[in-house]
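Single-structure report; data block below.
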Amino acid sequence: MKELLEAIFLGIVQGLTEFLPVSSSGHLLLGQYFLGMDQERFGLSFDAAIHTGTVLAVVWFFRRDLLAMARAFLRSLPRPDFSDMEVRLAYLVLIATVPAALIGFFFEDFFATAVRSPWVVVFNLVFVGMLFLVAEAIGRKSRTISKMGPFGALGVGLAQASALVPGVSRSGATITLGLFLGLRREEAARFSFLMSVPVTAAAAGLSLAEAAGEGMDAHEALMFLSGSVSSAVVGYLAIRFLLRFLARHSLRVFAYYRFGLAAVVAVALLSAGS
């Protein structure tokens, strides 16, 4: 029962922090570290399960957009018309997918082990929070996604890849770069969510297939299902909240949250002698 409750708790944490710009990987790592959870029991295969939940959340929330993009991509072949906004968006999402897919594929082991440290999370919570403040100060926040070019999409894709490091935040990094490119906050968030689908779905699918190949008993299956469902429900609500929030508010509150969390974690680590 204890592990089942922990799985639900981690699913809720994942659902909240995957889409809010506060770093889901950082919060999961810190939660497991400070609550003394079994790192093997809640390792990357469990991460894949709860990421599946957040993929389902974003797919369901943006189901009309994703279907429109898929139809646009198919009708664009073999000669895409980039004056068609749906075709343009589909190709921008594909371009933005490439960096994270390549970096994740070739450096998976490095990100799974070398940088999974609470101190890495503390540093990135502060660093990316500072980027939020800079982006809010200098970003024009006037452009729509349709005005972004392929190099801009590639840059946002690189920002997404940087979130493989705990504490960065995939949504935080991509929304921030969107602001630097002049996008409106809600437009940057929408593109961030849409571009997350291919890479996150592929990564979760591969990890789940690997976990299933190793075998999974009924208790483990229930843990994974509980974590996935809780992350899906909470993730859907987090998407809806963030899009409405960013239509009227800045990222500053999330920067201050990151600074506060980093300070608390740093004090706790120093007190524990870590």
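Residues whose amide H lies under 5 Å from that of ARG143, counting only those 5 or more places away or on a different chain, are LEU183, ARG184; hydrogens are built 1.01 Å from N in the peptide plane.
The range 144-216 and the range 88-120 have their alpha-carbon centroids 8 Å apart. If you roll a 1.4 Å probe over the chain with all protein chains in place, what percent of the accessible area is carbon or sulfur? It is 69 percent, rounded to a whole number. Working from label points 7 Å from Cα in the Cα-to-Cβ sense, the GLU136 to LEU206 distance is 3.6 nm. The value given for the range 98-154 is a Kirkwood hydrodynamic radius of 14.4 Å, derived from the mean inverse Cα-Cα separation. Once the chain from LEU243 to LEU77 is taken as fully extended at 0.36 nm per residue, the excess over their C-alpha distance is 56.6 nm. Just so you know, the Rg over Rh for the chain is 0.97, from Cα atoms, with Rh as the Kirkwood radius. Mean residue ellipticity, 222 nm, helices only, the chain: the sum of -39500 (n - 2.57) across DSSP H runs of n ≥ 4, divided by residue count and rounded to 500, is -26500 deg cm²/dmol.
Computed extension gain for ARG252 through ALA221, at 0.36 nm per residue and net of the alpha carbon distance, reaches 7.2 nm. Taking every full run of DSSP H in the chain, the ones that stretch at least 27 Å from end to end by Cα along their long axis and average -0.5 or higher on the Kyte-Doolittle scale are 85-106, 118-138, 185-214, 218-246, 252-272.
The values are calculated or read from the model by the stated rules, or taken from the named source; none is laboratory data. Just so it is clear, the model here is predicted, and its values are computed rather than measured. All Cβ positions, glycine included, derive from the backbone under ideal geometry; neighbour counts span all protein chains shown. Note: accessible area is taken over every heavy atom of the protein model, side chains too, but ligands, DNA and RNA are not part of it. Shrake-Rupley method; radii C 1.70, N 1.55, O 1.52, S 1.80 Å.
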